[in-house]
Each structure stands twice: as structure tokens, then as C-alpha cells.
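Novice: Below you will find the structure I want to go over with you.
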Amino acid sequence: MSTPCFALVDCNNFYASCERLFRPDLRNRPIVVLSNNDGCIVARSSEAKALGITMAVPLFQVQEILDREQVTVFSSNYALYGDISARVMSLLEQLAPATEVYSIDEAFLDFTGIKANQSLDALGSQIKQQIADWVGIPVCVGIAPTKTLAKLANHAAKAYPKTNGVVDLTDPARQQRLLRLLPADEVWGVGRRTYRRLQTLNIHTAWQLACCNTAWIRKEFSVTLERTVRELQGQSCFDLEDQPPPRQQILCSRSFAKRITEYSPMHAAICQYTARAAEKLREQDATARLISIFIRTSPHSHNSEYYSPSASHRLSVPSNDTRILVAAAIKLLNNIWQEGHRFIKAGIILTDLYTAGSFQPTLFDQPDRRNSKALMETLDRINHSGLGKICFAGEQLSQGWQMQRNKLSPAYTTRWHELPIVKA
């Protein structure tokens, strides 16, 4: 039986790289990408990192640096990032026998059995170059006998330029050298609280963690950390996951660009969030029985009382019909709405999820409306076609509350009229 071997392909500064893809004039220039409502910095190019701009810092705190250093600033363009990610992942699926999409910008590849045929380092370099040539996104590749070691190998590929973006960590001696250099909190799955406790036990480096007795780790911490330690020791405990596990809840919430004080825009926001949550529900072929909503004022406001009510409703039969979920959400809103507040955020949570068609109703339960499934499928098909958008009337009552994105780049890959024009 072949020894397991994994590669982790991780895009470099993904959001910034996507923005630069259609702006070659920004090559080697600092770029930052902002969070929702243009509040904080959530992505930086390497040039921006070199200027000392930290992650998650509020925009106003670094505005002077951005102006002085002529840093290019973008609002988050998730449609662009999602499309570029799909292209990278599609290419990776062609280059390896099995893949696991771990996040929008990284994926694990199954390299088991490849070692006997060719150099893993050369294969990693080939993948790196092909993604750069075909999609235009820079990546780093870490290769190791376990997923946890592959994460550390990828970290080393990014941290040490002499590696040229590819690190093969299948050699035990090389594993040991790297683990001795890295603090334990760089290990995949070791969070801040766990690391603090490890430090109190005089465990500071990844190598010290790898040398721990696994039975003792299970007793003092958890079976999950025990598996992590085994992975650091070279024993594969985490397999590739072909399909991500279904979500146990679906949350859709946003902060508003400006405070909402009237019922009409809040009604529109709840309608829109519910429609989006229902769409996500149908994407995973699920139905929801419990619907909850919340609305919230700012807890930091000194001039008004903090008001954060929530309400829930259980449907007799789970549903993913947008009409049913919106009607329930609006009833809940009517129960908790109070005039005189300045609301900053609202959201909807769908829980008690069932695979579509798996719930057994009672004799007296009312099923979904007639032709509900066909209508929702048609709605989703039109909205995903890129040719038009159908929404419920309640979503259009007011748009002044929409998320602020003043520095949004064009939809280069999803709107015909925003395609880049090349003149020769």
C-alpha cells in the first residue's frame, strides 16, 4: 500500500492578486482590499505588508500611510474572487487524481503513488507554473505525507523565497528541521487558547508538540489535538474530503451603510437576506424548519439605548420556498420592530435543516405550495444565468441601506459591459 502524500496549493495574497490580474499597471505596487462597508483591511499585497500595514486594521487608522505611499485601495469584489477561485480549482482537478477545496484560495491534492514516477518538487513547480500561465494567479505548493505537514510546508514555501514557492517535506530530517523553527501556533488546528495552554506546559515549538506522548495529549486536550500530533509525527489521520459536510445552519447578515430608522428599508433588508439564505439552502438541497431573525443597534453608541431583539418561528413542515420563508421572516420582524431606534445590522438564521424530501410530515401538516420546487428551480436558473435578475417585490422598497463599496473594481468576469478593453 502506498504511503499517503498530500500537496497544499495556496494562492498568494488572493484578493489582491485577483485585483491585480486585470490591472497590470499595479504590478509591484502596494494594494489593499477592504471588508464589507469599506471598514477594515482584509487583504494586502506583499508590497503593502512591507509598509507595515497590518491585517484587520480599520481603514481610518492607516489612511495617512495609504495616501503617502500611494497604496491602491479596493472594496471587496466577491463575485470576481469567486470566479477566479473556480478557475484555479477547476485547473487543479485536472492536475491531480483527487482534490479537496479547503477554502476560496487553497486546496489539498492527493499525490499518493506519484513519488515513484517523478520528482514531487518538479511536479509542484509544474503546477505552480501552470496556474500562473493559465489563470494568472501566483501560488505556493507544500508537499508532505500528512495534511498538517503539508500546511506547514506551504507556510515555509511562502516564508522562504529561496524555495521558489515549492517545499517538499516528505523527508523526515527536513520535517524535523522545519518543525524546530516554527512556533506551535503555526500548526494547523492549534488555536490561540490551546497555544497559551501549551506554553504553560513549556511546549513552544511545533517540534516540541510533535514529540509529545499522544495518549497524554488526548487526556489533557482532545482527540482532535492528538490526531494533529500524530500528523506532525508523519502518521496521516485526516483524509481528503471529496464533498464538504453540509452546513448545520445558514446565516445571512449585513451591517448597513447608514443607520436604518424606518420600517420600510428594514423590511427590504430582511426580505433580501431571507431570499439569499433560501437560495443557499437550495444549493445544498436542504430545507429549514426553524427561522430566526435579529435586528441590532450599535452597542458603542453613547446617545441611544442598545436594542438587540430576536425572534424565531418553527414551520410545521421544513421548506426552502423563498415565499414561505420571507412571509415567516416578515411576521417575526413585525413582532420585534420598534420605532425610535437607529439600527446598524440585521440578519436571518435558518436552522433545523433537513435534506429535501427526507422529513416525514403528519397527516395534518400542509406541504409546500403547488409547483414550489419547479418555481424555485426556475428562479435560481434565471438568477444564475447572468442574463437577468428576478427578486421579490419586498426587496425593492429601499436600497439606501445597501452595503457601502465605494472602491469596487469592475465585474471583469461576470458582466459583458465591464469587460476590459485592449487597444492596439
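Novice: So for the chain, averaging the separation of alpha carbon pairs under 8 Å that are six or more residues apart and normalising by length, what relative contact order in percent results?
Specialist: That works out to 16 percent.
Novice: If you fit an axis through the alpha-carbon atoms of helix 223-232 and take the longest principal axis of the Cα set of the chain, what angle between them do you get, 0 to 90°, nearest 10?
Specialist: 40
Novice: On the Cα set of region 95-195, report Rg and Dmax in Å, please.
Specialist: Expressed in Å, the Cα Rg and Dmax of region 95-195 come to 13.7, 43.
Novice: How do 134, 416 rank by accessible surface area computed with a 1.4 Å probe, from largest to smallest?
Specialist: These residues rank, largest area first, as 416, 134.
Novice: Which percent of the Cα-Cα distances in the chain go past 34 Å?
Specialist: Roughly 46 percent, rounded to a whole number.
Novice: Which lysines have a Cα less than 20 Å from the Cα of residue 162, not counting those fewer than 8 places away in the same chain?
Specialist: 49, 128, 151
Novice: Given a 1.4 Å probe, how much area per residue of region 161-286 is accessible, in Å²?
Specialist: Value for region 161-286: 56 Å² per residue.
Novice: Could you give the nm distance between label points at residue 258 and residue 23, where each point is 7 Å from its Cα heading toward the beta carbon?
Specialist: 2.7
Novice: Tell me the carbon and sulfur percent of the accessible area for the chain, rounded to whole percent, probe radius 1.4 Å.
Specialist: Solvent-exposed carbon and sulfur of the chain make up 50 percent of the total.
Novice: Could you state how much accessible area residue 55 has, in square angstrom rounded to the nearest 10, with a 1.4 Å probe and all protein chains kept in place?
Specialist: Taking all protein chains as shown, residue 55 has close to 100 Å².
Novice: Calculated from DSSP H runs of 4 or more alone, at -39500 (n - 2.57) each and per residue, what is the 222 nm mean residue ellipticity of the chain, nearest 500?
Specialist: Counting only the DSSP helices, I get -11500 deg cm²/dmol.
Novice: Using all Cα-Cα distances in region 28-155, what percent lands in each 10 angstrom bin from 0 up to the longest?
Specialist: 11, 34, 30, 19, 6, 1
Novice: Taking the full set of protein chains and a 1.4 angstrom probe, give the accessible area of residue 62 in square angstrom, rounded to the nearest 10.
Specialist: Residue 62 exposes around 10 Å² with every protein chain in place.
Novice: Under a 5 Å amide H to amide H cut-off, with H placed in plane at 1.01 Å, what residues pair with residue 111 once short-range neighbours are removed?
Specialist: It is 5, 6, 7, by chain and number.
Novice: Using the C-alpha gyration tensor of region 124-171, what are the square roots of 5 times its eigenvalues, in whole angstrom, with the largest one first?
Specialist: Those come to 19, 11, 8 Å.
Novice: Here's something else I'd like to know. Would you mind computing the Rg to Rh ratio of region 334-397 from its alpha-carbon coordinates, Kirkwood style for Rh?
Specialist: 1.06
Novice: Could you calculate the contour length gain from residue 126 to residue 197, that is, 0.36 nm times the residue separation minus the distance between their Cα atoms, to one decimal place in nm?
Specialist: In short, 21.5 nm is gained.
Novice: As I understand it, the value is the acute angle between the Cα axis of helix 59-68 and the longest principal axis of the Cα atoms of the chain; what does it come to in degrees, rounded to 10?
Specialist: Tilt relative to the chain: about 60 degrees.
Novice: Compute, for residue 292, the solvent-accessible surface of its heavy atoms (probe 1.4 Å) with the complete set of protein chains present, and express it in square angstrom to the nearest 10.
Specialist: 20
Novice: Further question on the same structure: How many angstrom lie between the C-alpha centres of region 316-360 and region 137-173?
Specialist: 45
Novice: Roughly how tilted is helix 263-283, in degrees to the nearest 10 and between 0 and 90, from the longest Cα axis of the chain?
Specialist: Between the helix axis and the principal axis of the chain, the angle is about 50 degrees.
Novice: Moving on to the next point. Put +1 on the Cβ of each Lys and Arg and -1 on the Cβ of each Asp and Glu in the chain; which of 301, 313, 337 then has its Cα farthest toward the positive end of the dipole?
Specialist: Positive-end residue among those listed: 301.
Novice: Evaluate the relative contact order of region 60-203 (contact order divided by residue number), counting alpha-carbon pairs under 8 angstrom at least 6 apart; express in whole percent.
Specialist: 13
Novice: Specify the residue with the greatest mean-square fluctuation among 238, 108, 343, computed from a Gaussian network of the chain linking alpha-carbon atoms under 10 Å apart.
Specialist: Checking each option, the largest mean-square fluctuation is seen for 238.
The values are calculated or read from the model by the stated rules, or taken from the named source; none is laboratory data. Just so we're clear, the structure is a prediction, and the values are computed from it rather than from any experiment. Counting neighbours? That spans all protein chains shown, and the Cβs are built from the backbone with ideal geometry, glycine included. Protein only, heavy atoms only, side chains kept; ligands, DNA and RNA dropped before computing areas. Shrake-Rupley method; radii C 1.70, N 1.55, O 1.52, S 1.80 Å.
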